[in-house]
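Asks: Take this structure, written in structure tokens, and hold onto it; I'll ask about it next.
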Amino acid sequence: MSAAHAPAGRRAGGLAQGLLARLGPVVLAVLLWQWAALAAGSPFFPPPGRIAGRVAELWFSEPLLTERFWQDAGPSVLRALTGWLAGAALGVVVGLAAGLWKAAAGYVDPPVNFLRSLPKPAIVPVFLLVFGSGDLMRIGLITFGCVWPVLLNTMQGVRSVDPMYLETARAFHIPPRTQLLRVVIPAALPKIFAGMRVTLSLSLILMVLSEWLLADHGLGHFLITAQRTFEILDVWAAIVLLGLLGYLLNVLFLAAERRVLRSRPS
Amino acid sequence: MTALQVSNLSKSYGEGNPALHNLSFEVREGELLSIVGPSGCGKTTLLKCVAGLVPATRGEVRVHGEEVSGVPEGLAVVFQDYGRSLFPWMKVGQNVEFPLETLRLPKAERQERVERSLAAVGLEGKHERYPWQLSGGMQQRVAIARALAYRPKVLLMDEPFASVDAQTRSGLEDLTRRVHLEFGMTILFVTHDIDESVYLADRLVVLRRSPGSVLAELVIELPRVRDQIVTKSLPAFVRQRSVVAQHIKDAS
């Protein structure tokens, strides 16, 4: 509220200051890295300036994004997002059911916690055998990784819906289906979103992992190939691009989340 | 005519832990009945039994002569905890309209009811606000508007003003009285506040505790239209207030 009433000049000043406070340390770290890399002169640690140049050359030129960008990052992002959405959808549906069905809690919790704790790479051999080495295996692996946090959060979200909300709904004869759609799900939504935020970065991790195995395109494939052929600069460039994509997806997700939950008390 | 009839109602939470014992009373059509009692006399349990939110152990509740099981038709509830009974993700107008959707009313009528009931509680033009953007007293008025729009046969109010400040409270009491008279609304009002119970009621039931049961019933001898200052200095108010206070003292 107070920001809206502040004079425009001071607001702009505050914004610039906030931006500086945020970017300052990043710029400083990059400069320090640049200096250290130049001083060390190690072939394994090229200076960030050269990495940035390589990133731009590979993916961000002519006019905005290169054809290579779509070849390397396109399928990877698509796989990650498909797996993430499939996992989230599955997690929400099963989580809702498990959360609503109180009697099932004792049966659901242990296996879910077991599967969630399983290191995801351990399941890769099974997925390779069952789904082959194509996209089905990759998306399946990402889905498998993303299901559990969303499922657990949804379940907890449903179980912790304020009983007053439900009593109110019952007192006004709101039928169960409407209670679920208009009361239970909205009340659990912040927790569901928290689960989806966690799994968004997980989906990128699993995407890279899955593309190390028997892929012929994608960023994970690019990264592992660069490493095998000692293209150190390309390795770093791929890492930077993955970081940028992860950051961008997170920013987009946060914006979407804020929009959906904008009607909540902060 | 009897709007709400409670007969031999008992409720216990497990063996040997009775909350209500053999409670009987009735609320007549268009009447405001206060139920007052010391804390722990099972007022909230009673209200939840009447609203069908918790099952009674014994006895029955009839709304307009029909025995009810589960949540009865034609009842609306205003809870004490307005912050948790309004849905924070719905705007004020949506909160009021939400129960009407289940009544399968046409959109136009729903909207007209929302308008009228928000106007009745002095919240016209607040449709687009979210409940949490309003003060506590205003939120409780939204809850009252929601109950009004539902047009219940009987309105149940469970210590609805216990968590607002004294000034707001007087205003809400007068609002309740006005709604009761203007809409001819039958109201069952549960409170632990003696002044409030007398000021609001046409008739009053005092409960004793452990287990809750009816200790006394009295008809309030005050004019229908009341005023916080004038009414509360009437001899009848002062006398009946003392009678209730003495009962409560005996009941504790």
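The values are calculated or read from the model by the stated rules, or taken from the named source; none is laboratory data. What you see is a predicted model; the values in this text were computed from it and never measured. As a convention, Cβ positions derive from the backbone with ideal geometry for all residues, glycine included, and neighbour counts pool all protein chains shown. Just the protein is used for accessible areas: all its heavy atoms, side chains included, with ligands, DNA and RNA removed. Shrake-Rupley method; radii C 1.70, N 1.55, O 1.52, S 1.80 Å.
Asks: I'd like the full set of residues that are more than 13 Å from every other protein chain (Cβ to nearest Cβ), open to solvent by 50 Å² or more (accessible area, probe 1.4 Å) and part of a loop (DSSP other than H, G, I, E, B), limited to region B:45-62.
Replies: B:Thr57
Asks: Same structure, new question: Can you find a residue that is within 17 Å of the chain's Cα centre (by Cα), surrounded by fewer than 22 Cβ atoms within 10 Å (Cβ to Cβ) and either polar (S, T, N, Q) or within 14 Å of chain A (Cβ to nearest Cβ) (or both) anywhere in region B:90-101?
Replies: No, the conditions are met nowhere in region B:90-101.
Asks: Look at region A:150-164 and say how many of its residues are open to solvent by 30 Å² or more (accessible area, probe 1.4 Å) and within 7 Å of chain B (Cβ to nearest Cβ).
Replies: Qualifying residue count for the region: 1.
Asks: Is region A:169-185 home to any residue that is in contact with a Leu (Cβ under 8 Å, 6 or more places away or on another chain), more than 13 Å from every other protein chain (Cβ to nearest Cβ) and open to solvent by 10 Å² or more (accessible area, probe 1.4 Å)?
Replies: Within region A:169-185, one or more residues are in contact with a Leu (Cβ under 8 Å, 6 or more places away or on another chain), more than 13 Å from every other protein chain (Cβ to nearest Cβ) and open to solvent by 10 Å² or more (accessible area, probe 1.4 Å).
Asks: Still on this structure, I have one more. Identify, by number, the condition in (1) within 13 Å of chain A (Cβ to nearest Cβ); (2) in contact with a Gly (Cβ under 8 Å, 6 or more places away or on another chain) that B:Gly42 doesn't meet.
Replies: Unmet condition: (1).
Asks: For region B:114-129, how many residues are open to solvent by less than 40 Å² (accessible area, probe 1.4 Å) and modelled with pLDDT of 90 or more?
Replies: Of the residues in that region, 2 qualify.
Asks: Among (1) away from chain B (no Cβ under 11 Å); (2) open to solvent by 30 Å² or more (accessible area, probe 1.4 Å); (3) more than 21 Å from the chain's Cα centre (by Cα), where does A:Ile224 come up short?
Replies: Against the list (1) away from chain B (no Cβ under 11 Å); (2) open to solvent by 30 Å² or more (accessible area, probe 1.4 Å); (3) more than 21 Å from the chain's Cα centre (by Cα), A:Ile224 comes up short only on (2).
Asks: Another question about this same structure. Just for region A:207-246: of the residues that are of a type in the set (Phe, Trp, Tyr) and part of a helix (DSSP H, G or I), which one is modelled with the lowest pLDDT?
Replies: If we take residues in region A:207-246 being of a type in the set (Phe, Trp, Tyr) and part of a helix (DSSP H, G or I), then A:Trp212 is modelled with the lowest pLDDT.
Per-residue answers, yes or no, for (1) open to solvent by 10 Å² or more (accessible area, probe 1.4 Å); (2) on the phi < 0 side of the Ramachandran plot:
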site: B:Met138; (1), (2): yes, yes
site: B:Arg146; (1), (2): no, yes
site: B:Tyr150; (1), (2): yes, yes
site: B:Val154; (1), (2): no, yes
site: B:Asp158; (1), (2): yes, yes
site: B:Ala166; (1), (2): yes, yes
site: B:Thr176; (1), (2): no, yes
site: B:Gly184; (1), (2): yes, no
site: B:Leu200; (1), (2): no, yes
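Asks: How many residues are acidic (Asp, Glu) and over 20 Å from the mean Cα position of the chain (by Cα) when one looks only at region A:88-141?
Replies: 1
Asks: Tell me whether region A:98-111 contains one or more residues that are in contact with a helix residue (DSSP H, G or I) (Cβ under 7 Å, 6 or more places away or on another chain) and over 30 Å from B:Gly52 (Cα atoms).
Replies: yes
Asks: Which residue pairs have Cβ atoms under 6 Å apart, sit 6 or more places apart or on different chains, and have a first residue in region B:175-201 that is within 19 Å of B:Leu234 (Cα to Cα) and touching a residue at least 24 places away in the same chain (Cβ under 8 Å) and a second that is of a type in the set (S, T, N, Q) and surrounded by 18 or more Cβ atoms within 10 Å (Cβ to Cβ)?
Replies: So the pair list comes out as B:Ser197/B:Ser34; B:Ser197/B:Thr191; B:Val198/B:Gln240; B:Leu200/B:Ser34; B:Ala201/B:Ser34.
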